[in-house]
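Peer 1: Provided herewith is a single structure, encoded as structure tokens, for subsequent inquiry.
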Amino acid sequence: MKIQEMHITPIAIADPPLLNAAGLHAPYALRVVVELVSDDGISGWGEVPGSEKTRNALEQSKQHIIGKDPFQLNAIFADISTTAQSDDRGATPWDQRTWVHVRSAVEVACYDLMGKAVGRPVVDLLGGKARERVPFAAYLFYKHAGAGGEFEFGLDPDATGWAVERQKPALDVEGIVAQAQAMVKYYGFKSIKLKGGVFDPEVEVNSMIAMQEAFGADVPLRLDPNAVWSVETSIKWGKKLEGVLEYYEDPARGQEAMGQVGKAVDIPMATNMCTTSFADLPGSVKHQSEDIILSDHHYWGGFRASLELARFCDAFGRGLSMHSNSHVGISLSAMTHLAAAVPNLTYDLDTHYPWQDGTDLVTEPLKFEDGAIEVPTGAGLGVDVDRDILAKLNQKYIDCGLTARNDEIEMQKVEPGWTFKATRW
Ligand code: GKR
Ligand code: MG
């Protein structure tokens, strides 16, 4: 089997005005879709966070992929390494490295090809199922009113309630509890995460306490200020969150600071910001920076790297959860297959999907039932791409004019003069 064609398609998907530590989401989130076509006419798909930088890097990597056998991933990765440059994750809540995305997109598309070639789901190529259903968590955001860009393939507002609810603003404790109730009611999620780092810590901590009162002490809760709290602030408010949170995600910046907070506060610490690559693992052990790592195949460089991370977590006594950014169905399927194959992935996974639901490019979007997704049984990723929708979302990318994610600029449109601060409180 040989890869004959590689198609790189940037897309823009509607995204509501969600707030975070770096500002505000733009009306569209960017993704890049990669299609690898084999000499026997099979298509394999991958999806990663989008930017012109990532698209260019994927274009550069084409020379290492065309003509290769998708089963020979070691050779493909070795060749990509000859072109890949080292890059930095940056200070933003999301990871800005480019070449991990390239590896991830290519690897996922190759696994989709391999699965289709042998007639088995990707999870079977990753060692088989450790679970039949993969549970996800509600992912709440403080937000302004509206649903962002056009949801032209939108959810039926009458059928769901969530389509209406997600348009509402959530700028205080009551708003966030109402958002949680609407999302949990529609999707059946059993755990709840709040994106923090937006308002004064007192508001965010009160939101978590109110959530515990609304849902009961058995519902696992998480708060993620994306590292904009100082060590002192994280400890002060962390003490109030003992007995409230399941885990405390990236309150402070860097491994040393996270280790200090972890020693002072009796809540498991989690990260998708301070330990994000294999090069970070010695520092993680030295500083004991977290108890739980949020894996992400887009950022760790694919499925195999994520399985290696799982081994590390097992050996070093760390839990493993999963991180998410705005995404559609190719990523959702890849996350589900991977999560199904990892024995020690025991936390409900993050997903932004409810914010994108109704704008998917797969012909039969995966369904959440009781907060979980059943692992797809079809060959490869088990999803088919609707090429008309792909073309429409590509046109939206061209029309919207965005070429990279920049939440600070979006925030300045609403609050002139607002600037990102690495430590705000
Ligand atoms: O989409 O605003 C967002 C999130 O803050 C995202 O950028 C982060 O990468 O989901 C994220 C996280 O830190 O968990
Ligand atoms: Mg996080």
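Peer 1: Counting heavy atoms of the protein chains only and a 1.4 Å probe, report the per residue accessible area for the chain as a whole number of Å². Could the numbers behind the result be given before it?
Peer 2: Working: 15560 Å² over 425 residues.
Averaged over the residues of the chain, the accessible area is 37 Å².
Peer 1: At 0.692 mPa s and 37 °C, plugging the Kirkwood radius over alpha-carbon pairs of region 125-374 into Stokes-Einstein gives what diffusion coefficient in µm²/s? Walk me through the numbers before you get to the answer.
Peer 2: Details: Rh = 18.5 Å.
Result for D is 178 µm²/s.
Peer 1: What value, in deg cm²/dmol to 500, does the helix sum -39500 (n - 2.57) over DSSP H runs of n ≥ 4 give at 222 nm once divided by the residues of the chain?
Peer 2: Numbers: 17 runs with 171 residues, N = 425.
Estimated from H runs of four or more residues: -12000 deg cm²/dmol.
Peer 1: Where does the Debye-calculated log10 I(q)/I(0) of region 25-146 sit at q = 0.09, 0.12, 0.13, 0.15 Å⁻¹, using only Cα point scatterers of equal weight, no solvent?
Peer 2: -0.33, -0.56, -0.65, -0.83
Peer 1: Lys and Arg at +1, Asp and Glu at -1: add these up for the other residues within a Cβ distance under 9 Å of LYS68 and post the number. List each step's numbers first, then the result.
Peer 2: Working: positive: LYS2; negative: ASP69, ASP79.
Result for the neighbourhood of LYS68: -1.
Peer 1: Hey, another quick one. Expressed as a fraction of 2.2 N^0.38 Å, the rule-of-thumb size for a compact globular protein of N residues, what is the C-alpha radius of gyration of region 72-213?
Peer 2: Values: Rg = 20.5 Å, N = 142, 2.2 N^0.38 = 14.5 Å.
Normalised Rg, Cα atoms only: 1.42.
Peer 1: Compute the angle between helix 255-264 and the longest alpha-carbon principal axis of the chain, please, reported from 0 to 90 degrees and rounded to the nearest 10.
Peer 2: With both axes taken from Cα atoms, the answer is about 40 degrees.
Peer 1: A follow-up question, please. In the chain, if every C-alpha pair distance is counted and binned at 10 Å from zero, what percent goes to each bin?
Peer 2: Spelled out per bin, shortest first, that is 5, 23, 34, 27, 10, 1, 0.
Peer 1: Could you state the angle between the C-alpha long axis of helix 173-187 and the longest principal axis of the C-alpha atoms of the chain, as a value from 0 to 90 degrees rounded to the nearest 10?
Peer 2: 40
Peer 1: Same structure again: Whenever you get a sec, compute what percent of the accessible area on the chain sits on carbon and sulfur atoms (1.4 Å probe).
Peer 2: Working: 7620 of 15560 Å².
The value for the chain is 49 percent carbon and sulfur by accessible area.
Peer 1: Any of LYS367/LYS396; LYS195/LYS236; LYS190/LYS367; LYS195/LYS367; LYS53/LYS193; LYS239/LYS263 with alpha carbons more than 22 Å apart? Name them for me.
Peer 2: Values: LYS367/LYS396 25 Å; LYS195/LYS236 19 Å; LYS190/LYS367 16 Å; LYS195/LYS367 24 Å; LYS53/LYS193 30 Å; LYS239/LYS263 11 Å.
Long pairs (Cα-Cα over 22 Å): LYS367/LYS396; LYS195/LYS367; LYS53/LYS193.
Peer 1: A follow-up question, please. As I understand it, the value is the acute angle between the Cα axis of helix 231-241 and the longest principal axis of the Cα atoms of the chain; what does it come to in degrees, rounded to 10?
Peer 2: For 231-241 against the chain, the angle is about 80 degrees.
Peer 1: Is region 326-425 best put as rounded, prolate or oblate by its Cα gyration tensor, with a ≥ b ≥ c the root eigenvalues, rounded for a/c under 1.5, and otherwise prolate when a/b is larger than b/c, oblate when not?
Peer 2: Values: a/c = 2.91, a/b = 1.43, b/c = 2.04.
Here region 326-425 falls in the oblate category.
Peer 1: Using 7 Å Cα-to-Cβ label points, what is the VAL203/CYS400 separation (nm, one decimal)?
Peer 2: 2.5
The values are calculated or read from the model by the stated rules, or taken from the named source; none is laboratory data. What you are looking at is a predicted structure, and each value in this text was computed from that prediction instead of being measured. Here the Cβ is made from the backbone with ideal geometry for all residues, glycine too, and neighbour counts use every protein chain on show. Note: areas computed on protein heavy atoms with side chains; ligands, DNA, RNA excluded. Shrake-Rupley method; radii C 1.70, N 1.55, O 1.52, S 1.80 Å.
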